[in-house]
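In what follows, a structure is listed as structure tokens, so that the remarks can point back to it.
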């Protein structure tokens, strides 16, 4: 993804003087904070926090293309590009108004955790549907489930799928 126009949510982030490092440009840690703000805006839009779930970042990355300087206003576009069993993968585009170009991109893997048990939990169908609807508003088709041949099955799951014809009786036999 190389365009902010591909994102259903665009967060506007003013660059503060205190966000600069000793060399006078935006500190690398701030990019992650700005992406976090965009992610929270996305999750708020799909009402993810009203489901008794907590989001945890399993991994995140940022690729820096151009330094950012104060004063500036960044537009941070965010979208979900992959749904998973217990979460999803998000991508970000950071666009500088001052420079009129993309200055960084990022990615994060978001995992859902039950707020009471603190255990990883499945991504609810209702939340998958909200994500798919929001992505569709930006022209993206996001499959709600993986085709069976792409599922990563455990040994038992694989055995069940391989022997499905023997386990489930044929209809109309």
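Can you tell me which residue among 123, 127 is under 15 Å from the mean Cα position of the chain (by Cα) and in a loop (DSSP other than H, G, I, E, B)?
After applying the criteria, what remains is 123.
Would you confirm, using the coordinates I've provided, whether residue 57 is free of Cβ contacts under 8 Å to residues at least 12 places away in the same chain, within 12 Å of the chain's Cα centre (by Cα) and either surrounded by 15 or more Cβ atoms within 10 Å (Cβ to Cβ) or closer than 23 Å to residue 131 by Cα (or both)?
No; evaluated as a whole, the condition is false for this residue.
Give segment 35-61 a look and list any residue that's in contact with a helix residue (DSSP H, G or I) (Cβ under 9 Å, 6 or more places away or on another chain) and within 14 Å of residue 121 (Cβ to Cβ), or say none.
48, 51, 53, 55
Looking at 29, 68, which is the one that is surrounded by fewer than 16 Cβ atoms within 10 Å (Cβ to Cβ) and over 22 Å from residue 126 (Cβ atoms)?
29
So, in segment 62-121, exactly how many residues are under 26 Å from residue 23 (Cα atoms) and either touching a helix residue (DSSP H, G or I) at 6+ places or on another chain (Cβ under 9 Å) or without any contact (Cβ under 8 Å) to a residue 60 or more places away in the chain (or both)?
So the count comes out to 29.
The numbers here are math on the coordinates, done by the rules we state, and not lab data. All of these numbers come straight from a predicted model, not from anything done at the bench. So basically every Cβ, Gly included, is an ideal-geometry build from the backbone, and we count neighbours across all protein chains shown.
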